[in-house]
1. Of all residues in the stretch 407-428, which are open to solvent by 50 Å² or more (accessible area, probe 1.4 Å) and in contact (Cβ under 8 Å) with a residue 12 or more places away in the chain?
2. When you look at Arg230, is it open to solvent by 40 Å² or more (accessible area, probe 1.4 Å) and part of a helix (DSSP H, G or I), yes or no?
3. Please go through the stretch 67-118 and pick out each residue that is of a type in the set (Val, Ile, Thr) and either over 19 Å from Val139 (Cα atoms) or open to solvent by 10 Å² or more (accessible area, probe 1.4 Å) (or both).
4. Is it true that Leu165 is in contact with a Lys or Arg (Cβ under 9 Å, 6 or more places away or on another chain) and farther than 14 Å from Leu196 by Cα?
5. Where the second residue is open to solvent by 30 Å² or more (accessible area, probe 1.4 Å) and at pLDDT 90 or above and the first is within 20 Å of Glu130 (Cα to Cα) and lies in the stretch 69-94, which pairs have Cβ atoms under 6 Å and are six or more apart or on separate chains?
6. Output the residues belonging to the stretch 238-266 that are assigned to a helix (DSSP H, G or I), among the charged types (D, E, K, R) and surrounded by fewer than 18 Cβ atoms within 10 Å (Cβ to Cβ).
7. Between Ala354, Ala358, Ala314, which is assigned to a helix (DSSP H, G or I), touching a residue at least 60 places away in the same chain (Cβ under 8 Å) and of a type outside the set (Asp, Glu)?
8. I'd like the full set of residues that are modelled with pLDDT of 95 or more and not hydrophobic (A, V, I, L, M, F, W, C), limited to the stretch 615-634.
Amino acid sequence: MGDNVSEPGVGSRPASGQSMLSQLPTGNLAHMSSLKNSARAKKSSLPARECLKQTAANVLMQLAIDDDNKSAVREAGGLKKLVSLLSSPDTEVQLNVLGALTNLALNHENKAEIRELQAIPRIVNLLDSEDELVQEKVVEVIWNLAGNDENRVAVLYAGGVKKLLDILQTYGGRGVEQTERGANIVACALGALANLSIHPENHSAVREGGGIKRVVDLLNGSENPRIKERAANCLENLALDRENREAIRQLNGSAALVRLFVSETEDWTRAAAGALKNLSVDEESKAEIARQDGVKALVEMLNHTDMIIVGKSAECLGNFASEATYRSVIKDLNGIQSLLSLLETGTPDEARLAAAGAVLNLAVDDECKDVIRVMDGIGKLVPLLNASLPLTLRAVTAMTLTNLGAQEECAQAISTAGGVNALIQCLGKPTDDVLQEKAASALWNLSAVDSVKATIRKAGGIPFLLSVFEFSSFVPAIENCLGTMLSLAETQENRFAISQAGAVHLLINLLESEHPTIVEKAAGVIWNLSHEETVQNSVRQLGGIRPLIELLSSDSAMIRFNAVGAFPLLTEQEDNVNEAYESDIIGPLVNLLATETNVLVLQNAAQTLGNIAESNPVHQQAIAEAAGLRRLVEVLVNFAPEGHSEDLDAQQNWANTQELLAKVSFAIWLVCQKSEGNQLIFSEVGGVQALIRVLPDTNEETLLEMAAGAICAVSEGNAAIKDRVREEGGLEPLIALLAHSCDSVKLNAAKALCHLSENEENRRIIRELGGLDRLVELLSQ
């Protein structure tokens, strides 16, 4: 048969690699120069026209608070004119323009146009202003502009990252002398760096600029609540990078974040949870967080009233649950119970997603599987497959059921809870590629349980699986559906249902796929289905014989394995034998005998050759001309031991190869039967001696039956081979087999002796070795 169903590995960590977009600032009159101040400025220094521009910018700043106005300003050409005013020498003009751009940059189209107007370098240069208010407003604009990757890179190339890091050093070290504006500049700079740090290039720029130390120092040393929160936000996104995570850990950032996490300030806890979530991807960071009692704190936070904190804590626990050690810790802290409670109706979908992701990874562990099942976690998970819920939540739930379904008790519980039907529905609309892949994966594991095989069929699963073959192009989804079908096809009822649903045609089409894994599994399903005579005929009628023969020469060992596995069954039908012969199957089969070492491949190749040769002189001759007899003898020689071995491993290997030798003997029997030419070829390549080596009566009875039958066939009507059998010492083991407990073995041994006794010398030796007495005894049985 095809692949065994194996337990899928630990699920991917939901959201562990997500970036966090910091809360964005807005400009307003309280932060900007007032109209009154603008009027004063007009009197003292500005021409009336410049004062008018300043006032217009101030009004646009206020208007841009509304989303519709953000677009209207752009469409009216306002962005270009505002950007032109950035070069104004007047601070009041700069402030009002920056305030307007701060609000306008909250619009995605405006972000892009501001960049295209080459405004970002001009904005970044204003960080060099000696006016703290200007610096503050520039940092706010950069924060908002850093909402897309193009702008993040543009800020970096304009020198913005370095200037922001300089600001952290300039203002962050003031301590008790820090002004409110200075603290706000630091907090906004951290917010801007947090958004910039979503882009990989900025990960390294911040690290190489000494920024990680500055951020960690602010996290540890600042007394300002906003600075602590924003520092944690910044570390969350910096921690998307492996080198940054290591730097944060070495600077004791992990310990600082745990302290922040357990504080009584919700904003701090929320920010720290996000950073810990991304840090906990690495084994070293997990260990550091755990040393600070972080796992215990995370479990406790699952009962927090703030669902953002709950969700991030669950995500972080999901990362910890990717390692066996922490799965046990979470279980012992009753974390599974808390996570399962989050799956219930009423919990926001984001938090349910995070909890399901954590349970997904916990469910790799058998003890955790037991706890989840006993605490009715399966009953809480199955409803999350409902079509009304987000696709991502349904996909993570399906993955969790995949891991649970690897245990038979859980598989049965999933079936009892209606999980089979719910998973089947995930294959149909509303769905997507990932959900289909994960649902099929769960069904694959569930189908390993015999009772569930029937449940999948009765729930209408087969047509849904076939629809994925027909309409999806997503390779992982098709693979998993094929895996499920492979398992389902182990029972006769399912084989009938699968074939009647039109699967054979779809499977034959999949043999032409450019993806080896799909071809491999499609051939495996055909192999299993071919146990049924109706399928054997369908494969031929639908043109499946030739593509399967072509797969015998595939570069993929598993494709060859599954393709040749189908042929002993397919060639039970005479029409299939003829079509296979006409499609030149003999050459590829003989080549497998010459090149393969896998016992099952050799076994199936040999049996197929036997089926093709049976009672057909033309086919027998073709096999001999293709060196088939030589290759069969080589397999006998290579796998039959020279003598008895006391080594236990050798004995076990011998036991495992006896069926191969039986199939080879079967093939020799049918290729040589009533074919004097083939008999002589067989003898010339050392076949007689090789057969005699597998005749000891301690071998398995099927091998003895086939080997004795082969000697019967090769010696029939051939005087030279009768002599050869005697000369190679073959008479004695055949006589010994007359006393074997299996009647089929005794029958074939007697038949062989019948042909051999046509030789006078053989008759004498048979008598002297006690053969007559044993034959007489058989008369009375």
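The values are calculated or read from the model by the stated rules, or taken from the named source; none is laboratory data. Predicted model, so just to flag it, every value in this text is computed and none were measured. For neighbour counting, all protein chains shown are included, and Cβ atoms are generated from backbone atoms with ideal geometry for every residue, glycine included. Each accessible area value is taken on the protein alone, full model and side chains, heavy atoms only, with ligands, DNA and RNA left out. Shrake-Rupley method; radii C 1.70, N 1.55, O 1.52, S 1.80 Å.
1. Hits for the stretch 407-428 are Glu408, Glu409, Gln412, Asn421, Gln425.
2. No; evaluated as a whole, the condition is false for this residue.
3. Hits for the stretch 67-118 are Val73, Thr91.
4. In short, no.
5. Here the result reads Leu86/Arg122; Thr91/Asp131, each pair linking the stretch 69-94 to a residue that is open to solvent by 30 Å² or more (accessible area, probe 1.4 Å) and at pLDDT 90 or above.
6. Arg242, Glu243, Glu246, Arg259, Glu266
7. Just a single option satisfies the conditions, and that option is Ala354.
8. Asn616, Pro617, His619, Gln620, Gln621, Glu625, Gly628, Arg630, Arg631, Glu634
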